[in-house]
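Student: Dumping the structure here so I can ask a few things about it.
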Amino acid sequence: MTSVFFMMNKELPNIVFATNNLHKLEEARALSSGIINILSLSDIDCHDDIPETADTLEGNALIKARWVKEKYGYDCFADDTGLMVDALDGKPGVYSARFAGPQCNSADNMALLLSELEGVAEADRTARFETVIALVRGEEEKLFKGCVTGKISTEPHGSAGFGYDPVFVADESGLAFAEMTAEAKNSISHRGRAMRHFIEYLTK
């Protein structure tokens, strides 16, 4: 177990976030500060290669949350996110994280995306980010969704964020996510919106 347990507020409930993505973990902890303690997979000594074999965001999120609940006994939430590009008939969608192949990284994914959109006019580069969060707590299962619309730029911009953030320009800001502060991005992002629905439900 990591030392993160000693930094948690013992008066708040603990819940596991089934992710190995440290950027996602940081975002989630920032949004839920003072409400819940979010534990990582490493905090519960879970080093499993959890499969993501569903063909929907909802399905993948549920697979991950159920895996932790069933095998480790912790209440858990998990997310899955997809970038849907209209000119590509909704691709990469549920395969966004592995668009360029199973061993790809973010740079590979962005390069392939920009390649497939080469020659597409700016007006036709519309896209949306969607996040689905699945909560498995006790006997209940709930889904929470968030979405943000924008366009895919012709080249990367900014140095913040992760994933497709350098090429996704949000309609509400006119900036690439990678050009925005974490606070500004979280205020309009797909994951931020899904997390707020999730937190609102937990605090009812």
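Student: Report D for region 42-147 in µm² per second (integer): Stokes-Einstein, Kirkwood Rh on Cα pairs, 4 °C, 1.567 mPa s.
Tutor: 85 µm²/s
Student: If each DSSP helix of 4+ residues adds -39,500 (n - 2.57) and the sum is divided by the residues in the chain, what number results at 222 nm, nearest 500 deg cm²/dmol?
Tutor: About -8500 deg cm²/dmol.
Student: Also: Most fluctuating residue of S40, S115, S32 in a GNM of the chain with Cα springs under 10 Å: which is it?
Tutor: Per the Cα network of the chain with a 10 Å cutoff, S115 tops the list.
Student: Under 16 Å from the 7 Å Cα→Cβ point of D86, by amide nitrogen: which residues of region 100-142?
Tutor: 117, 120-130
Student: For the chain, which span is the longest to avoid every loop-located (per DSSP) member of chymotrypsin sites (Phe, Trp or Tyr not before Pro) having at most 16 other Cβ atoms inside 10 Å?
Tutor: 1-94
Student: Right, here's the next one. Please identify the helices of the chain, taking whole runs of DSSP H, that span at least 20 Å along their own axis as judged from the Cα atoms and have a mean Kyte-Doolittle score of 1.0 or higher.
Tutor: The answer is none, since no helix passes both cut-offs.
Student: Could you quote the convex hull projected area for region 29-85, Cα atoms only and averaged over all directions, in nm²?
Tutor: Taking the Cα atoms of region 29-85, their convex hull projects to 5.0 nm² on average.
Student: Spin-label point model (7 Å from Cα, Cβ direction): what's the H47 to E26 distance in nm?
Tutor: My value for the distance between the label points is 2.4 nm.
Student: Given 4 °C and 1.567 mPa s, how large is the Stokes-Einstein diffusion coefficient of the chain in µm²/s, with Rh as the Kirkwood radius over Cα pairs?
Tutor: D, rounded to a whole number, is 74 µm²/s.
Student: Once ligands and nucleic acids are excluded and a 1.4 Å probe is used, how much of T53 is accessible, expressed in Å² to the nearest 10?
Tutor: 110 Å²
Student: Provide, as a two-decimal number, the C-alpha radius of gyration of region 110-204 over 2.2 N^0.38 Å, N being how many residues it has.
Tutor: Dividing the Cα radius of gyration by 2.2 N^0.38 Å gives 1.23.
Student: To the nearest 10 square angstrom, how much accessible area does I188 have with a 1.4 angstrom probe?
Tutor: Counting only protein heavy atoms, the figure is 20 Å².
Student: Which of L62, L39, L88 ends up with the largest GNM mean-square fluctuation for the chain, with Cα atoms connected below 10 Å?
Tutor: L88
Student: Region 101-154 to region 161-177: how many Å between their Cα centroids?
Tutor: 11 Å
Student: Going by a ≥ b ≥ c, the root eigenvalues of the Cα gyration tensor, does region 121-165 fall in the rounded group (a/c under 1.5), the prolate group (a/b larger than b/c) or the oblate group?
Tutor: oblate
Student: List, in the order given, every pair from K71/K151; K69/K204; K71/K204; K10/K71; K64/K204 whose Cα-Cα distance in the structure shown is over 30 Å.
Tutor: Those over the limit are K71/K151.
Student: Give me the number: length gained by fully extending S115 to R98, i.e. 0.36 nm times residue separation minus the C-alpha to C-alpha distance, one decimal in nm.
Tutor: Full-extension gain reported as 4.6 nm.
Student: Further, regarding this structure: How high is the relative contact order of region 41-126, given as a whole-number percent (alpha carbon pairs under 8 Å, six or more residues apart)?
Tutor: Relative CO of region 41-126 lands at 19 percent.
Student: Using heavy-atom solvent-accessible surface (probe 1.4 Å) with all chains present, what is the largest-first order of E52, E122?
Tutor: The most accessible residue leads, giving E122, E52.
Student: Want the number for A160 to S33: 0.36 nm per residue separation, take away the alpha-carbon distance, what's left?
Tutor: Result for the pair: 43.6 nm of gain on full extension.
Student: I need to check one value: relative contact order of the chain, counting alpha carbon pairs closer than 8 Å and at least 6 residues apart, in percent.
Tutor: This gives 17 percent for the chain.
Student: At 0.36 nm per residue, minus the direct Cα-Cα distance, what do K10 and E200 gain on full extension? Give it in nm, one decimal, please.
Tutor: 66.3 nm
The values are calculated or read from the model by the stated rules, or taken from the named source; none is laboratory data. In this text the structure is predicted, and so the values were computed from the model without any measurement. A quick note on method: Cβ atoms are made from the backbone with ideal geometry, for glycine too, and the neighbour counts reach across all protein chains shown. The protein model used for the area step is the full one, side chains on, heavy atoms only, and it has no ligands, DNA or RNA in it. Shrake-Rupley method; radii C 1.70, N 1.55, O 1.52, S 1.80 Å.
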